[in-house]
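First comes the structure, then the notes that go with it.
The values are calculated or read from the model by the stated rules, or taken from the named source; none is laboratory data. Everything numeric in this text was worked out from a predicted model, so none of it was measured. Reconstructed Cβ throughout: ideal geometry from the backbone, glycine too, with neighbour counts over all protein chains shown.
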Amino acid sequence: MNAPAEIGLPDKIAGYKTFSLGEFTFARDEYFVTITWPAKGQRMSHTMSADAFLRATMRDVAWGFFYGLVNFDAVFGTRNLYGRVELFAGRYNEAIHKNGLSYVETFDSPKAMAKFKEILADWTNAGFDPFAAPAETGNAAFGEKNGSNLAAIERFRVATKRMPGLEGDSPLRGDDNGFPINRAFADVSQEEPQVKAEPGFEKELHAFSLFKYLSRSDVTWNPSVTSVCKASLFCPTTEEYILPIIHGNDRVEWFVQLSDQIMWDVSDRETGRPRARVLMKAGDVAAMPADIRHQGYSKKRSMLLVWENATPDLPKRYERGELKPWPVDF
Amino acid sequence: MTFHTTLGSLDRYEKGHIEIINDNPKYYVFSNVFEVAGKSKPWEKIAVAKNLEYVIEAIRAEGTSPWMACAHDEFVVVLDGDVTVEYVKLDDPAAAAPPSKEGTVLVKGEPKGKRMGTIRLKRGHQALLPKGAAYRFVANKVSAMIQQTVKGDLTLEKWGQICYQ
């Protein structure tokens, strides 16, 4: 069963609990997280900075394992099978995998989700917000265990059915419901559209300031839906510092840079070999093909429109080769 | 520390770039909304993103558009300028936009139905273009916007002209 105690891990290190999920173990100390897994009759290990691990875990939890691969870094991550989820170590690292040292284990998604939430709850210190930019949350992630920050890791998940602000749909953001303007967007206009509805149509005409809405986002690298056109989802987000995961696509996704700029490192989804760097500035539009992984760098908090196609059978169609990994031939 | 948010406009934008290491630049289908809208004719719906049947169109808003409708919800975001949307609740939505037809359709003549009102959109504002309604845009100055919809009869694809190669 390889529970931590059975493989020689103490129950706690620096006040932090150690955890196991299947054959994986997870331990953290003052600075680092160590993950171990079985391979060739031994246990392999991998080390990540604790803040990076918590930021990645936070996204994986918030996004329900997201679309495709959520690489925490070049070694560890998850692959969403939509209902089940694979945890992998080294599977998408060319050297580790080719040498037979990678490991993949599949879990029912709720079981893995519960364990990830348990880890987040125990390992997130008071004052550290895994959703915040480093300039906002500082070094509170490090050191011996120091309280917790459940409010940060259990934020209300925005679920929009059609468009925020419509009756019965997700709320808009304002001072009155706990969304002040972010320090980096103090110069963004807060003017709302002028809606002049004829009597009887007040609930049918609807508009809002998307830029105001985004200027009040309290999280980074966390897309939330703002418009639903059948399976086409606009999922804008605000980005600062580094995308805490390396997203491996299982379908084409698109980016529209709404403000400022982001540099994207793009590499092969299977091997991690670099393929391109893409610099996107305000107004730029670019596709992320279905066979890549990508990680973004935003030196100033920026507004990014992530555009997703939520058609349920897309990953299988790409896997079967029915669809090319790039979206358009020209 | 003071931050400055950089927004693009038709008059002022900087286009990013692709640094190819081992790939085909065409796979990234890289364009810029302001560049596309700046070179388009008024109300042309130029696809700048496509995901199977779904598209994002870049539109140069200038003057008054024709009346349009759609069998499903669409959305528009103004990225530069000032655009007013006029809405009419169609008496017979299926006649204007048959449920089997996806994407934006032109409404022949004046739409028949009750006036629903107007919405004035400025930079960064998003509006719902609800199914069952006809709409048209009025822009007194040249503006740029994107529309979320499904590829339809009015969608133009000019990838070779707008994208890095």
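Overview of values
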quantity: Test: A:Phe201 is of a type in the set (Phe, Trp, Tyr), within 8 Å of chain B (Cβ to nearest Cβ), in contact with a strand residue (DSSP E or B) (Cβ under 8 Å, 6 or more places away or on another chain) and assigned to a loop (DSSP other than H, G, I, E, B); calculated: yes
quantity: Odd one out for A:Met163 among (1) part of a loop (DSSP other than H, G, I, E, B); (2) outside the structural domain of A:Ser298 (by TED's automatic domain parsing); calculated: (2)
quantity: Residue within segment A:169-180 that is at the interface with chain B (Cβ under 10 Å from one of its Cβ atoms) and out of contact with any Pro (no Cβ under 7 Å at 6 or more places or on another chain) present; calculated: no
quantity: Residues (among the acidic types (Asp, Glu) and more than 15 Å from B:Arg136 (Cα to Cα)) located in segment B:54-75; calculated: B:Glu57
quantity: Hits in segment A:157-195 (condition: exposed (fewer than 12 other Cβ atoms within 10 Å of the Cβ) and touching a strand residue (DSSP E or B) at 6+ places or on another chain (Cβ under 8 Å)); calculated: A:Lys161
quantity: Total residues in segment A:13-31, condition farther than 26 Å from A:Thr106 by Cα and touching a residue at least 60 places away in the same chain (Cβ under 8 Å); calculated: 4
quantity: Scan of segment B:10-35 for residues that are farther than 30 Å from B:Asp82 by Cβ and either of a type in the set (Lys, Arg) or within 7 Å of chain A (Cβ to nearest Cβ) (or both), ordered by number; calculated: B:His17, B:Ile18, B:Glu19, B:Ile20, B:Ile21, B:Asn22, B:Asp23, B:Lys26, B:Tyr27, B:Tyr28
quantity: Subset of segment B:5-25 (residues that are crowded, with 18+ Cβ neighbours inside 10 Å and not in a loop (DSSP other than H, G, I, E, B)); calculated: B:Ile18
quantity: Residue that is nearest to A:Asp60 (Cα to Cα), among those in segment A:117-141 that are assigned to a helix (DSSP H, G or I) and in contact with a Leu (Cβ under 7 Å, 6 or more places away or on another chain); calculated: A:Leu120
quantity: Matching residues, segment A:287-326, being more than 12 Å from every other protein chain (Cβ to nearest Cβ) and either of a type in the set (Lys, Arg) or surrounded by fewer than 16 Cβ atoms within 10 Å (Cβ to Cβ) (or both); calculated: A:Arg293, A:Pro312, A:Lys316, A:Glu319, A:Arg320, A:Gly321
quantity: Answer from B:Lys50, B:Lys39 - the residue that is more than 10 Å from chain A (Cβ to nearest Cβ) and not aliphatic (A, V, I, L, M); calculated: B:Lys39
quantity: Test: A:Glu144 is surrounded by fewer than 16 Cβ atoms within 10 Å (Cβ to Cβ), in the same structural domain as A:Met58 (by TED's automatic domain parsing) and either charged (D, E, K, R) or assigned to a loop (DSSP other than H, G, I, E, B) (or both); calculated: yes
quantity: Failed criterion for A:Asp260 (all others in (1) within 25 Å of A:Ala52 (Cβ to Cβ); (2) buried (at least 24 other Cβ atoms within 10 Å of the Cβ); (3) more than 7 Å from every other protein chain (Cβ to nearest Cβ) hold); calculated: (3)
quantity: Conditions (1) more than 8 Å from chain A (Cβ to nearest Cβ); (2) farther than 15 Å from A:Ala197 by Cα: number failed by B:Arg123; calculated: (1)
quantity: Tabulated pairs, segment A:251-276, first among the aromatic types (Phe, Trp, Tyr), second in a loop (DSSP other than H, G, I, E, B), C-beta under 8 angstrom, 6+ apart or interchain; calculated: A:Trp254/A:Pro327
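Residues are listed down the side, and each one gets a yes or a no for (1) within 25 Å of B:Thr149 (Cβ to Cβ); (2) out of contact with any strand residue (DSSP E or B) (no Cβ under 6 Å at 6 or more places or on another chain); (3) assigned by TED's automatic domain parsing to the domain that holds A:Ala52:
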site	(1), (2), (3)
A:Pro274	no, no, no
A:Ala286	yes, no, no
A:Ala290	yes, yes, no
A:His294	no, no, no
